[in-house]
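Below is one structure, written out as structure tokens, with a few remarks after it.
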Amino acid sequence: MELTISQVTKMYGVTPRTLRYYEKKGLICPIRREDYAYRVYDENALRRLRLIIVLRKLRISSKQIAIILQDEDQLETLQILRDNILELDGEIKSLNTVRYVLKEFAAQLEENIGKKVKTDFLGNKALIEAANAIALPETTFDKTAFKENTKTEKSDGISLRQAETKGTVISMQELNSAGRVNIKNLNVRIVQLPPFTAASYHYIGENPEEKAGEVMSEFVRKSRLYEIKPDSRMFGFNRPNPGVLENGLHGYEDWVTIPDDMEVPAPLTKKRFDGGQFAVMAIPFPEFERWDDFIKWAENNEFYEPDYSKEELTGEKGRFEEHYNWVWAAHNNWEADDNSDSGVSGIDLYIPVKKKGK
């Protein structure tokens, strides 16, 4: 089986940009056919992609996945899994603490309501101390309700143990549910972007983010923009959308803010943005799949709703991204890179919003 990038994005629910990032890092290797003008993904590439998707849902970082895919004796893989388990143990303990205290508060409240007594939560020192405690008594699990099947399955250099609960193999749907984010708990802020003038460059073709970025980086260095405008910011968005054209190509546009009176050389163009109100959410690079959760947040928020009437940013319905410190890094010729490999790089996602009823 061989699929185009458009077919892969639809079948596996990953963005074209995420696919290109995996290719750049050598995690998957598409091929070219003489009768195709663009690359295709064969069964080997698709198999590796399926493994990557599963590992990402298990919160394994892209950097760790690169190690796993090249780990012949699987010793590093084992250490990575153990390290991630330790991190999860800490999260589980914290969540058990929250659950414990909430249950105790609820039980106290229920008892006092029955007695028609007003509950003074702060008066219960034991519960307050429990809420402040680092650790609580270990939760007891019914071990008979969970059994492990020791059957292992080799896949791209890693043994995937099939865990079974009451004899039923964990499905991809259950794995998706485990990794699903509660959209109510997303860390979203509302900001007012001021008006600005931008230098713009739009590219349609293979690896459009990189191509547009290269042109914009050259402009930043040659114009010494960072010295002229040290607070310059970089925004990017898909254009056209939904992101992949019928011929398998993809378009992306970069904007870099500039002084109002600054002229820009061809092939760049000068544009004016009128500003507006946006919901903003930070994501680690390159977790672009979090766009889905953010869009659901905007569409189901109690106080705000998407305001897709804006036409200043001609990406998909006015949604776009801001890359941290991009102009500074470009000014320094990327010698101090964006730390994407270390997992500390970040991007802000923007959705135009307005208060409901306005």
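The values are calculated or read from the model by the stated rules, or taken from the named source; none is laboratory data. Just so you know, these numbers come straight off a predicted model, no measurement behind them. All Cβ positions, even for glycine, are placed from backbone atoms using ideal geometry, and neighbour counts span all protein chains on display. Keep in mind that these areas ignore ligands, DNA and RNA; they rest on the heavy atoms of the full protein, side chains included. Shrake-Rupley method; radii C 1.70, N 1.55, O 1.52, S 1.80 Å.
Worth a mention:
- Look at (1) open to solvent by less than 40 Å² (accessible area, probe 1.4 Å); (2) in contact with a strand residue (DSSP E or B) (Cβ under 9 Å, 6 or more places away or on another chain) and you find that residue 50 fails only one, number (1).
- All positions within region 265-290 that are surrounded by 14 or more Cβ atoms within 10 Å (Cβ to Cβ) and within 20 Å of residue 210 (Cα to Cα): 268, 283, 284, 285, 286, 287, 288, 289
- Residue count, region 179-238 (criterion: among the acidic types (Asp, Glu), farther than 27 Å from residue 290 by Cβ and in contact with a strand residue (DSSP E or B) (Cβ under 6 Å, 6 or more places away or on another chain)): 0
- When 40, 8, 54 are checked against the criterion of being in a strand (DSSP E or B) and either modelled with pLDDT under 90 or over 25 Å from residue 209 (Cβ atoms) (or both), a single residue qualifies: 40.
- A Cβ distance below 8 Å, combined with a sequence gap of six or more or placement on separate chains, defines the contacts here; from region 65-86, residues that are within 17 Å of residue 50 (Cα to Cα) reach residues that are in a helix (DSSP H, G or I) and of a type in the set (Lys, Arg) in the pairs 65/56; 69/48.
- Close pairs (6 angstrom Cβ cut-off, 6 or more residues apart or separate chains): of a type in the set (Lys, Arg) in region 41-60, open to solvent by less than 40 Å² (accessible area, probe 1.4 Å) and part of a helix (DSSP H, G or I) anywhere: 57/175
- Scanning region 214-244 for residues that are within 27 Å of the chain's Cα centre (by Cα) and surrounded by fewer than 19 Cβ atoms within 10 Å (Cβ to Cβ), we see that the one that is modelled with the lowest pLDDT is 242.
- Restricting attention to region 42-84 and to residues that are among the hydrophobic types (A, V, I, L, M, F, W, C) and in contact with an Asp or Glu (Cβ under 6 Å, 6 or more places away or on another chain), the residue that is farthest from residue 1 (Cα to Cα) turns out to be 67.
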